[in-house]
1. What longest range of the chain stays clear of loop-exposed GluC sites (Glu not before Pro) (DSSP non-H/G/I/E/B, at most 12 other C-beta within 10 angstrom)?
2. Mind grabbing the base-10 log of I(q)/I(0) for the chain at q = 0.09, 0.12, 0.14 Å⁻¹? Debye formula, identical points on the C-alpha positions, no solvent, two decimal places.
3. Under 12 Å between alpha carbons, and skipping anything fewer than 8 positions from Lys247 in its own chain: which aspartates and glutamates qualify?
4. Net charge near Gly179, counting Lys/Arg +1 and Asp/Glu -1 over other residues with Cβ under 14 Å of its Cβ?
5. Given the options Ser161, Ser70, Ser150, state which has the largest fluctuation in a GNM of the chain using a 10 Å cut-off (strictly under) for Cα springs.
6. At a Förster radius of 22 Å, what calculated FRET efficiency corresponds to the Cβ-Cβ distance of Arg7 and Ser161, to the nearest 0.05?
7. In nm, to one decimal, how far is the modelled label at Lys98 from the one at Gln177, with both set 7 Å along Cα→Cβ?
8. How large is the helix-only mean residue ellipticity at 222 nm for the chain, computed as the sum of -39500 (n - 2.57) over DSSP H runs with n ≥ 4, divided by its residue count, in deg cm²/dmol to the nearest 500?
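Coordinate-derived values only; no laboratory data. On a predicted model such as this, the values are computed, not experimentally measured, just so you know. When we count neighbours, we look across all protein chains shown, and the Cβ atoms used for this are built from the backbone with ideal geometry, even at glycine.
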Amino acid sequence: MFKIVKREEMAEGTVILNEIEAPLIAKKAKPGQFVILKANEEGERIPLTMADTDPVKGTITIIYMVVGKSTAIFRDLKIGDCYQDVIGPLGKATHLEKVGKVICVGGGTGVAVLHPITRGLKEVGNDVTCIIGARNKGLLILEEQMKAASHDLRVCTDDGSYGHHGFVTDVLKEALQAGDINLVVAIGPVPMMKAVSNLTKEFNVPTLVSLNPIMVDGTGMCGGCRVTIGGETKFACVDGPEFDGHKVDYDELILRLRAYQEDEKKSHQAYCALHNAG
């Protein structure tokens, strides 16, 4: 059993942070890797990239948005409660090296995934600018942490309630036009990563994205997390989750996610009806 030692509600209560006791995972985990969690026998296996690790305390931190039945079960867990299963670290770690000027772009809960990668890129000597965005100020997460993890933090909100009024791609385009950018890392909703990749391709800047396809076992056996990269089938759980953003078939990924989200929505509605009836 994996005990929750810290719990925090973020982004107007729609996003939850859990710090979990998992000493073996915390000792081995690297930026970019993920874990698969299961709350109890009734819950599904949910893959989540770690937002932070503390090998001294023996804890890992995950941040998730409540969107369906299983994450609703996660939300009901309090400090002192336990996850039945936490498996990891899984996936390939981010390749961290000094390349020069790097821009890290995050949207929504993708900022949580971006956090350890941004910090790692800074620690190996890169000049790191971070751009994070959300629909409004209330939905922004980890602003102070991202400020500490980078040399320059720029914040965007769709409605203009905080920071730049507009999308992260607006600010990114200005930075790319200034030139001398060696790498862009983009993590967030698929449409955002697609837009960032299309933009950086115009400027011929290498771009890394972290994909979030349907995933079941996390070992490459089920095939549910398959994605098309440069015309070839890859499995996000073992070949990724990070890929060359210029080679991803985003349209295919969006279609597969949409099919799953419809099923998850129906499952969540059924869970809520049962929960309210009880």
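1. 98-278
2. Treating every Cα as an identical point scatterer, log10 I(q)/I(0) equals -0.40, -0.73, -1.02.
3. Answer for Lys247, where 12 Å is the Cα cut-off: Glu232, listed by chain and number.
4. -2
5. Ser161
6. For Arg7 and Ser161, the calculated efficiency is 0.25.
7. For the pair Lys98/Gln177, the computed spacing is 3.2 nm.
8. Taken over the chain, the calculation gives -10000 deg cm²/dmol.
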